[in-house]
Amino acid sequence: MPVSVPSNRPTMASARWVFASCATQVAITTVHHVRGAAIFDTPGRYHSILVALILLVVSSIAYFLARAATGTRSIIAWWVFWTITLLGFVVVFGVVEGFTTHVIIPILRQGYPSDEPFDFVFEATGILHVAPAVIAAVLLLRLARVRRSHIGVTP
(Lines give C-alpha, C1' and ligand atoms only; values in the text may rest on other atoms or scores of the structure.)
Protein backbone atom coordinates (compact mmCIF):
# COMPACT_ATOMS: atom_id res chain seq x y z
CA MET A 1 0.00 0.00 0.00
CA PRO A 2 1.63 3.29 -1.07
CA VAL A 3 2.08 5.99 1.53
CA SER A 4 0.66 9.34 0.49
CA VAL A 5 2.71 12.40 1.30
CA PRO A 6 0.69 15.60 1.70
CA SER A 7 1.15 18.06 -1.13
CA ASN A 8 3.01 21.24 -0.35
CA ARG A 9 1.29 23.16 -3.19
CA PRO A 10 -1.63 24.70 -1.25
CA THR A 11 0.78 25.89 1.43
CA MET A 12 3.16 27.42 -1.09
CA ALA A 13 0.28 29.16 -2.84
CA SER A 14 -0.94 30.53 0.50
CA ALA A 15 2.57 31.74 1.33
CA ARG A 16 2.82 33.52 -2.03
CA TRP A 17 -0.49 35.27 -1.30
CA VAL A 18 0.78 36.24 2.16
CA PHE A 19 3.80 37.86 0.50
CA ALA A 20 1.56 39.57 -2.04
CA SER A 21 -0.60 40.91 0.80
CA CYS A 22 2.46 42.14 2.68
CA ALA A 23 3.92 43.79 -0.44
CA THR A 24 0.54 45.44 -1.05
CA GLN A 25 0.57 46.66 2.54
CA VAL A 26 4.02 48.21 1.95
CA ALA A 27 2.75 49.95 -1.21
CA ILE A 28 -0.34 51.28 0.58
CA THR A 29 1.79 52.39 3.54
CA THR A 30 4.16 54.22 1.20
CA VAL A 31 1.41 56.15 -0.61
CA HIS A 32 -0.45 56.85 2.63
CA HIS A 33 2.52 58.12 4.63
CA VAL A 34 4.15 60.09 1.82
CA ARG A 35 0.81 61.81 1.25
CA GLY A 36 0.33 62.40 4.98
CA ALA A 37 3.84 63.80 5.38
CA ALA A 38 3.22 66.24 2.53
CA ILE A 39 -0.26 67.34 3.62
CA PHE A 40 0.38 67.64 7.35
CA ASP A 41 4.06 68.65 7.11
CA THR A 42 5.05 65.71 9.30
CA PRO A 43 8.21 64.12 7.86
CA GLY A 44 8.25 61.63 10.74
CA ARG A 45 5.65 59.64 8.81
CA TYR A 46 8.40 58.43 6.47
CA HIS A 47 9.61 56.16 9.27
CA SER A 48 6.53 53.98 8.81
CA ILE A 49 7.66 53.19 5.28
CA LEU A 50 11.04 52.07 6.55
CA VAL A 51 9.38 49.90 9.21
CA ALA A 52 7.14 48.26 6.59
CA LEU A 53 10.11 47.56 4.30
CA ILE A 54 12.16 46.08 7.15
CA LEU A 55 9.24 43.86 8.18
CA LEU A 56 8.88 42.63 4.60
CA VAL A 57 12.59 41.85 4.29
CA VAL A 58 12.81 40.08 7.65
CA SER A 59 9.67 38.00 7.08
CA SER A 60 10.90 37.07 3.59
CA ILE A 61 14.30 35.99 4.88
CA ALA A 62 12.68 33.98 7.67
CA TYR A 63 10.34 32.25 5.21
CA PHE A 64 13.13 31.29 2.84
CA LEU A 65 15.25 30.07 5.75
CA ALA A 66 12.30 27.97 6.91
CA ARG A 67 12.12 26.34 3.50
CA ALA A 68 15.88 25.82 3.16
CA ALA A 69 16.74 24.73 6.69
CA THR A 70 15.82 21.52 8.45
CA GLY A 71 14.81 20.57 11.96
CA THR A 72 14.73 23.17 14.69
CA ARG A 73 16.14 25.94 12.48
CA SER A 74 13.30 25.48 10.04
CA ILE A 75 10.69 25.55 12.80
CA ILE A 76 12.16 28.70 14.39
CA ALA A 77 12.45 30.48 11.04
CA TRP A 78 8.86 29.55 10.12
CA TRP A 79 7.50 30.92 13.39
CA VAL A 80 9.56 34.09 12.99
CA PHE A 81 8.00 34.55 9.51
CA TRP A 82 4.51 33.83 10.83
CA THR A 83 4.82 36.05 13.91
CA ILE A 84 6.39 39.04 12.16
CA THR A 85 3.77 38.90 9.45
CA LEU A 86 0.94 38.64 11.96
CA LEU A 87 2.16 41.33 14.36
CA GLY A 88 3.60 43.72 11.78
CA PHE A 89 1.31 43.57 8.79
CA VAL A 90 -1.93 42.36 10.32
CA VAL A 91 -1.94 43.97 13.77
CA VAL A 92 0.15 47.14 13.40
CA PHE A 93 -0.70 48.20 9.85
CA GLY A 94 -4.10 46.53 9.48
CA VAL A 95 -5.75 46.76 12.88
CA VAL A 96 -4.04 49.79 14.42
CA GLU A 97 -3.20 51.99 11.43
CA GLY A 98 -6.07 51.07 9.16
CA PHE A 99 -9.03 49.96 11.24
CA THR A 100 -8.54 51.84 14.51
CA THR A 101 -7.05 55.10 13.24
CA HIS A 102 -9.05 55.52 10.03
CA VAL A 103 -12.32 53.72 10.77
CA ILE A 104 -13.08 53.43 14.50
CA ILE A 105 -11.74 56.78 15.74
CA PRO A 106 -13.57 58.85 13.05
CA ILE A 107 -16.77 56.96 13.89
CA LEU A 108 -16.37 57.64 17.61
CA ARG A 109 -15.51 61.30 16.95
CA GLN A 110 -18.38 61.55 14.45
CA GLY A 111 -16.04 62.72 11.73
CA TYR A 112 -12.48 63.65 11.03
CA PRO A 113 -10.64 66.32 13.04
CA SER A 114 -11.70 69.80 11.95
CA ASP A 115 -8.22 71.24 12.54
CA GLU A 116 -6.75 68.98 9.83
CA PRO A 117 -7.50 69.30 6.14
CA PHE A 118 -9.54 66.36 4.83
CA ASP A 119 -7.81 64.51 2.03
CA PHE A 120 -9.67 61.68 0.30
CA VAL A 121 -6.53 59.86 -0.92
CA PHE A 122 -4.96 59.99 2.54
CA GLU A 123 -8.08 58.68 4.29
CA ALA A 124 -8.85 56.08 1.62
CA THR A 125 -5.34 54.64 1.72
CA GLY A 126 -5.55 54.65 5.52
CA ILE A 127 -8.74 52.57 5.41
CA LEU A 128 -7.30 50.41 2.63
CA HIS A 129 -4.70 49.05 5.09
CA VAL A 130 -7.45 46.75 6.38
CA ALA A 131 -7.89 44.69 3.17
CA PRO A 132 -4.41 43.13 2.84
CA ALA A 133 -4.32 42.63 6.62
CA VAL A 134 -7.50 40.54 6.51
CA ILE A 135 -6.17 38.50 3.58
CA ALA A 136 -2.85 37.90 5.35
CA ALA A 137 -4.59 36.95 8.61
CA VAL A 138 -6.81 34.35 6.91
CA LEU A 139 -3.86 32.89 5.04
CA LEU A 140 -1.65 32.80 8.13
CA LEU A 141 -4.33 30.83 9.94
CA ARG A 142 -4.50 28.45 6.99
CA LEU A 143 -0.72 28.03 7.02
CA ALA A 144 -0.72 27.36 10.76
CA ARG A 145 -3.48 24.75 10.41
CA VAL A 146 -1.66 22.99 7.59
CA ARG A 147 1.59 23.07 9.52
CA ARG A 148 -0.12 21.68 12.60
CA SER A 149 -1.80 18.86 10.70
CA HIS A 150 1.34 17.95 8.71
CA ILE A 151 4.17 18.40 11.19
CA GLY A 152 7.39 18.30 9.23
CA VAL A 153 5.96 19.78 6.05
CA THR A 154 7.35 23.29 5.60
CA PRO A 155 5.16 25.94 4.03
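Would you please classify the overall shape of the chain from the alpha carbon gyration tensor, given that a ≥ b ≥ c denote the square roots of the eigenvalues, rounded means a/c under 1.5, and beyond that prolate means a/b larger than b/c while oblate covers the rest?
It is prolate, given that a/c is not under 1.5 and a/b is the larger ratio.
Can you give me the accessible area per residue for the chain, using a 1.4 Å probe, in Å²?
59
Determine the shape class of region 10-70: with a ≥ b ≥ c the square roots of the Cα gyration tensor eigenvalues, call it rounded for a/c under 1.5, and otherwise prolate if a/b is greater than b/c, oblate otherwise.
Taking the square roots of the gyration eigenvalues as a ≥ b ≥ c, region 10-70 is oblate.
Leaving ligands, DNA and RNA out of it, report the carbon-plus-sulfur percent of the accessible area of region 27-126 at a 1.4 Å probe.
On region 27-126, the fraction of accessible area on carbon and sulfur atoms equals 72 percent.
Translational diffusion coefficient of region 35-109 at 10 °C, 1.306 mPa s, Stokes-Einstein with Kirkwood Rh over Cα pairs, in µm²/s as a whole number.
113
For region 77-155, what is the convex hull volume of the alpha-carbon atoms per residue, in Å³?
Spelled out: Cα convex hull of region 77-155, divided by residues, is 87 Å³.
Give me the net charge of Ile49's neighbourhood, meaning all other residues with Cβ under 14 Å from the Cβ of Ile49; Lys, Arg count +1, Asp, Glu -1.
Combined, the nearby Lys, Arg, Asp and Glu give +1.
Which value, in Å² rounded to 10, gives the accessible area of Asp41 with a 1.4 Å probe and all protein chains present?
Surface open to solvent at Asp41 totals about 130 Å².
Quick one: ranking Arg142, Arg109 by accessible area, 1.4 Å probe, largest first, what do you get?
Greatest to least solvent exposure: Arg109, Arg142.
Tell me, what is the FRET efficiency for Met12 and Val121 to the nearest 0.05, using R0 = 35 angstrom and their Cβ-Cβ distance as r?
0.50
Span-like helices, the chain: DSSP H, alpha-carbon axial extent 30 Å or more, mean Kyte-Doolittle 0.0 or greater, which ones?
For the chain, where a helix must reach 30 Å along its axis and average at least 0.0, the hits are 9-40, 46-68.
The values are calculated or read from the model by the stated rules, or taken from the named source; none is laboratory data. None of these values were measured; they are calculated from a predicted model. No Cβ is skipped: glycine too gets one built from the backbone with ideal geometry, and neighbour counts run over all protein chains shown. Note: accessible area is taken over every heavy atom of the protein model, side chains too, but ligands, DNA and RNA are not part of it. Shrake-Rupley method; radii C 1.70, N 1.55, O 1.52, S 1.80 Å.
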